[in-house]
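Working notes for the structure below.
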Amino acid sequence: MAPLEFGHPEYWHTRFTKDPDVFDWLLPSNCLDKHISKAIEASTDPSPWIHHIGCGTSALSYHLRKLVKSPHQIHNTDFSVVAVDIGKRREGELFGEENASGQVHACRLEDSASATSPSSEHGTEDSNVAQGSRRSMRWSTINLLSLTDFTSLVSHDKPHPYTIIVDKSTSDSISCVDDVAIILPYPLQPVTTSTVKASRTTGTISQAKVKVKVHALHLLAVHLAYTTAPGGRWFAVSYSGSRFPFLPPYPTSSDEGLLSAELLENGFVHPGRLWRLESHERVEVPAVPAEEGRGKGGQGRGSAVVHRPQVMHNLYVLVRTDLGLEMV
């Protein structure tokens with residue numbers, strides 16, 4: 001199988017249809033517990049929202065419920081409708097939580113924007129969201145490289161809905177995508193002063209449309225920044241020791257993800273202005289006991305493992321900077 005297939009929804013539709021069982025990439029579902037719990041405790045939001053991107057069929061979705069006050073704080077998204085359907089069905093089977101109509105709550109893409117905390121008019125929960133649905137997580141099929149999908153996640157009441165992003169090898173898959181064609185200046189721009197805004201309308205700043213291609217991880221970082229509150233954390237588990245090309249040391253060529261001067265000059269914000277690296281650590285993959293059998297990484301019941309090479313993966317903690325983004 002070519003790695004590039006990881007970047008296409010058809011591959012995942014087929015994979016999840018053939019094998020709907022729970023599957024976790026790289027590390028077990030509890031690998032981020034201490035980091036997520038610390039971020040929740042540090043948040044000024046009493047009920048911070050978690051965006052679990054590329055949730056797939058991971059057990060992590062259900063494990064996250066243990067870390068929050070309400071399952072509704074967790075938003076699982078994937079661009080495979082098959083994975084999302086499996087996920088929300090499995091949640092109902094595991095937790096038996098139903099909404100008022102007796103069906104497992106499935107948050108549509110447009111629901112996520114209206115499912116804000118307090119209503120500004122009544123000071124209570126949004127009447128558009130049934131109380132019963134608050135007992136289950138939210139699930140949406142979205143394309144992380146689609147600006148339209150991301151703008152649908154934002155509302156006037158909650159312009160930066162997420163405080164925590166959970167990314168367990170999703171960035172790895174997106175790194176396999178071909179560079180994405182976009183039009184510059186890109187609609188997401190740093191929040192500016194009224195003087196700069198006025199100069200845009202008078203033509204002082206060039207608004208000529210330029211079609212270019214951008215590395216998929218640059219685009220992902222900008223989209224995630226648009227929906228993440230300042231100070232929010234992006235926890236990314238990856239097999240790569242140099243996953244994000246917008247962080248130093250920068251790659252040496254555009255083929256490896258180096259941001260070109262053309263992109264920056266024509267209106268694409270450098271993701272390094274939106275995210276800073278707080279920490280990067282190597283995490284050892286826990287050994288699977290031999291008695292668990294060959295199918296789960298063991299050597300067969302009762303056999304002895306003479307030597308197991310150390311396997312390490314990477315955990316990146318990125319922090320959202322204070323530079324705001326707006327649609328222009």
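For the range 74-100, a tally of residues being in contact with a strand residue (DSSP E or B) (Cβ under 7 Å, 6 or more places away or on another chain) and open to solvent by 10 Å² or more (accessible area, probe 1.4 Å) returns 4. Of the numbered criteria (1) touching a Gly at 6+ places or on another chain (Cβ under 8 Å); (2) open to solvent by less than 40 Å² (accessible area, probe 1.4 Å); (3) farther than 21 Å from His160 by Cα; (4) hydrophobic (A, V, I, L, M, F, W, C), the one Cys55 fails is (3).
When the test is whether a residue is within 16 Å of the chain's Cα centre (by Cα) and under 26 Å from Val177 (Cβ atoms), Ile53 passes it.
Among the residues of the range 59-72, those that are open to solvent by less than 10 Å² (accessible area, probe 1.4 Å) and touching a Ser or Thr at 6+ places or on another chain (Cβ under 8 Å) comprise Leu60, His72.
Looking at the structure I just gave you, is Gly257 in contact with a Ser or Thr (Cβ under 8 Å, 6 or more places away or on another chain) and open to solvent by less than 30 Å² (accessible area, probe 1.4 Å)? No: the conditions fail for Gly257. Output the residue which, of all residues in the range 58-73 that are among the hydroxyl-bearing types (Ser, Thr, Tyr) and touching a strand residue (DSSP E or B) at 6+ places or on another chain (Cβ under 8 Å), is farthest from Pro161 (Cα to Cα). For the range 58-73, the residue satisfying everything is Ser58. Filtering the range 243-260 to residues that are under 18 Å from Arg273 (Cα atoms) and either touching a strand residue (DSSP E or B) at 6+ places or on another chain (Cβ under 6 Å) or not aromatic (Phe, Trp, Tyr) (or both) leaves Arg243, Pro245, Leu247, Pro248, Pro249, Pro251, Gly257, Leu258, Leu259, Ser260.
When Ala221, Ala229, Ala236, Ala216 are checked against the criterion of being under 17 Å from the mean Cα position of the chain (by Cα), at pLDDT 90 or above and open to solvent by 20 Å² or more (accessible area, probe 1.4 Å), Ala229 stands alone in meeting it. Of the residues that make up the range 294-313, is at least one of a type outside the set (A, V, I, L, M), modelled with pLDDT of 95 or more and either surrounded by 14 or more Cβ atoms within 10 Å (Cβ to Cβ) or within 17 Å of the chain's Cα centre (by Cα) (or both)? Within the range 294-313, none of the residues are of a type outside the set (A, V, I, L, M), modelled with pLDDT of 95 or more and either surrounded by 14 or more Cβ atoms within 10 Å (Cβ to Cβ) or within 17 Å of the chain's Cα centre (by Cα) (or both). A search for C-beta distances below 9 Å between a residue of the range 25-37 that is open to solvent by 30 Å² or more (accessible area, probe 1.4 Å) and any residue that is among the acidic types (Asp, Glu) and in a helix (DSSP H, G or I), counting only pairs 6+ apart in sequence or on different chains, returns Trp25/Asp172; Leu26/Asp172.
The values are calculated or read from the model by the stated rules, or taken from the named source; none is laboratory data. Quick caveat, the model's predicted, so the values are computed rather than measured. Note that we place each Cβ from the backbone using ideal geometry, even for glycine, and neighbour counts take in every protein chain shown. For accessibility, only protein heavy atoms count, side chains too; no ligands or nucleic acids. Shrake-Rupley method; radii C 1.70, N 1.55, O 1.52, S 1.80 Å.
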